[in-house]
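A quick write-up on the structure given underneath.
Bear in mind that the values in this text are calculations on the coordinates, not laboratory data. This structure is a prediction, so every number in the text was calculated from the model and none was measured. Neighbour counts are summed over all protein chains in view; Cβ atoms, including those assigned to glycine, are modelled from backbone coordinates with ideal geometry.
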Amino acid sequence: MAPSASGQVVVLDDGGSTIKVGLAGQSDPARILPNATGKVKGGPQLLIGDDIDAQADISSLSIRRPIEKGYVVNWKAQAQIIDRACRGVLPHSTKGCSMLLTEPLFTLPAIQEARCQAVFETLGCQALLTLPAPLLALTQHCAEVPNLPASRAHCGVVVDAGFSFTHVVPIFDGKVMKSAVRRIDLGGKALTNYLTELVSYRSMDMREEAYLMEHIKNAISFVSTDLKADLVKAKTSSKLKVEYVLPDGLSLARGFVREPVPLAKGETRTEQVLVLNNERFLVPELIFSPSDIGLQQAGLPQMVADSVMATHPDLWPLLFSNVVVCGGLATCPDFQERLLKDLRPLVPDHIKVDVWKPKDPIAAAWQGGSRVGASAQFAHLAMTKADYEEDGIR
Amino acid sequence: MPRATEGGPSDASGRRTGRSRKVSQRMAVVSETDREQVTNARLAALETDGGLQDNFGADSDAEFELQDSDQEAELGDQRNKRKRKANRQASRKTRARAGEVRGHKAFAVLLEEADLDPDDTQPNYLTAAMGPPLDGTPRRWCSVCGFAAPYSCARCRMRYCTRKCYAVHCDTRCLKFTV
Ligand SMILES: [Zn+2]
Ligand SMILES: [Zn+2]
């Protein structure tokens, strides 16, 4: 059933950390806001989405996320955030609009039910299409590199390394091969907490400043392409050492990274400085080797190999030739290179392995969604409010 | 069993002090269970909403949850399964209470209610979980400085590289978890 032409299609990539929103057909999301609600200690006011960014005093702020372990557990709060996110993007409200929403694979039926209720009843949308973010990221990648044989077959393996978890998703002919999907319960959030733990023991107690730690992690991390060599380098030289100058809330509003500045004799520092060395690469290293912290799950390279090899062997060459990394962690320097380096030996020699990164690994899923939302496919695939009222969730 | 976790050296707030007390009481049991709990708690702590502090509700303490641990890997597969199940059940209780306070159900509760079969031929949330690593020997990093660590603490099995790091380990993190 085709939604009426009056409804505009709004595209939302509903991530664990941020929610990206914009109209279908646009090249980039119009807004990216924290996917959270918050309160200032002692204050009665509920902060929603971008209110949180507007808070000057982060230290007195408490937040709640509607997404836990990657899944929306609190649809009441999520609807409020979506409503806020859509303001300024849609002319009025979500009422009567059509929505394309990302939803993780294997979402539990109870969550899907709550999602339909929120979208059709609370938000008053008239049509809804939910698709997994990795599928949309591949759509975007295939549009960026259209001449690849795998792209033409809409085929590839998406490594979605996000905030809550990391998924490896093989796709053939535009369809997710569900039985070959692999997940590790580690993402950007766990890495930030891990870095916080490390620096809090090694130099300065940063446990109350997790928001700042997220920023620091993004600013200083890199993926090692030669772990042994980098460990030696970190131990015997200061080549990898950097300093992060912490904001003091007065003269320095934002922190920044700099080369280590040695102190002259008798001189004392006026600024607060966090020195980072092997943490820079040992933190993202967790995704490649979760057993380092006692999580008994294989690392990313083995996940990709395992996932592809769970599909029909005829597909292996096509899938391995089009491994696509997306999500926040994919922006970490040398992520792509390291994955290729570790994946290569796990794949039979005669099969070509290629790892790709979309132009914007964080926005890729939204951008793919924008393409689908603007195509005739949308009306064909979407569930209308009438469908929902007749049949409930399908 | 010494109550080493009582109040860390850097307990910045009452909330943290309260939390570590709870842990130390729970840890006044047998040592193998202790170690496992510490590893689990540490993994669970990595999952908390550090992003910004999530501390205005009653659920901030509900951090004990389902994760596999170092120690489990050393046990047989069957025992593994049973243990994991027990872990899950314990954590569910905590989680469920937290959910009531929040007015919505926690993911662990929803997962429990969905009653999924990890051996289902149809793929589901549980079947998609990546299995253990193939290459046997886990790498060993010093829990204090991060470099290669030849030794492990007799009490908690965390690794350390030198006497100096061992001293720091004992002071700050032996059988403790914090983020
Ligand atoms: Zn050490
Ligand atoms: Zn110890």
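If you rank B:ASP117, A:ASP342 by fewest surrounding Cβ atoms within 10 Å, what's the result? All intermediate terms of the calculation are to be shown ahead of the outcome.
On the way: B:ASP117 10, A:ASP342 18.
Least to most surrounded, the residues fall as B:ASP117, A:ASP342.
Remind me, relative contact order of region A:188-284 in percent, using alpha carbon pairs under 8 angstrom and six or more residues apart? Present the calculation step by step, with values, prior to reporting the outcome.
Details: 109 pairs, mean separation 31.1, N = 97.
Computed value for region A:188-284: 32 percent relative contact order.
May I ask which of A:LYS235/B:LYS164; A:LYS39/A:LYS76; A:LYS189/A:LYS228 have a Cα-Cα span longer than 22 Å here? Numbers along the way, then the final one.
Numbers: A:LYS235/B:LYS164 15 Å; A:LYS39/A:LYS76 16 Å; A:LYS189/A:LYS228 26 Å.
Cα-Cα > 22 Å for A:LYS189/A:LYS228; rest within.
In what sequence, highest mean first, do A:9-15, A:363-369, A:344-350 appear when ranked by Cβ atoms within 10 angstrom?
Descending mean neighbour count gives A:363-369, A:9-15, A:344-350.
What does the average come to when, for each residue of peptide B:121-129, you count the partner chain Cβ atoms lying within 10 Å of its Cβ?
Per residue, the average neighbour count from other chains is 6.
What order do you get for A:282-290, A:187-195 when each peptide is scored by the mean count of other beta carbon atoms within 10 Å, highest first?
Per-residue Cβ counts within 10 Å, averaged per peptide and sorted highest first, yield A:187-195, A:282-290.
Using a 10 Å cut-off around each Cβ of peptide A:101-107, what is the average number of partner chain Cβ atoms that fall inside?
Counting other chains' Cβ atoms within 10 Å and averaging over A:101-107 gives 2.
Looking at region A:285-368, which trypsin sites (Lys or Arg not before Pro) are in a loop (DSSP not H, G, I, E or B) and have at most 16 other Cβ atoms within 10 Å?
A:LYS352, A:LYS359
Can you put A:THR18, A:THR122 in order of Cβ neighbours within 10 angstrom, beginning with the fewest? Write out the running numbers ahead of the final one.
On the way: A:THR18 20, A:THR122 16.
Neighbour counts put them in this order, fewest first: A:THR122, A:THR18.
For A:PHE222 paired with A:LYS241, estimate the spin-label separation in nm (one decimal), with each label point 7 Å from Cα along the Cα-to-Cβ line.
Simple spin-label model gives 1.7 nm for this pair.
Among A:138-150, A:371-383, what's the highest-first ranking by average C-beta atoms within 10 angstrom per residue?
Most protected by this proxy first, the peptides run A:138-150, A:371-383.
By counting other Cβ atoms within 10 Å of each Cβ, how are A:LEU252, A:LEU123 ranked from fewest to most?
A:LEU252, A:LEU123
Please tell me the relative contact order of chain A in percent, rounded to the nearest whole number, where contacts are Cα pairs under 8 Å and at least six residues apart.
Relative contact order comes out at 21 percent.
Given a Förster distance of 45 Å, report the FRET efficiency between A:VAL275 and A:ARG344 from their Cβ-Cβ distance, rounded to the nearest 0.05. Don't skip to the answer; put the middle values down first.
Numbers: r = 35 Å, r/R0 = 0.77.
Once the sixth-power term is evaluated, E becomes 0.85.
Just checking the output field for A:293-306: average partner chain Cβ neighbours within 10 Å of each residue's Cβ?
The mean count of partner-chain Cβ atoms within 10 Å per residue comes to 6.
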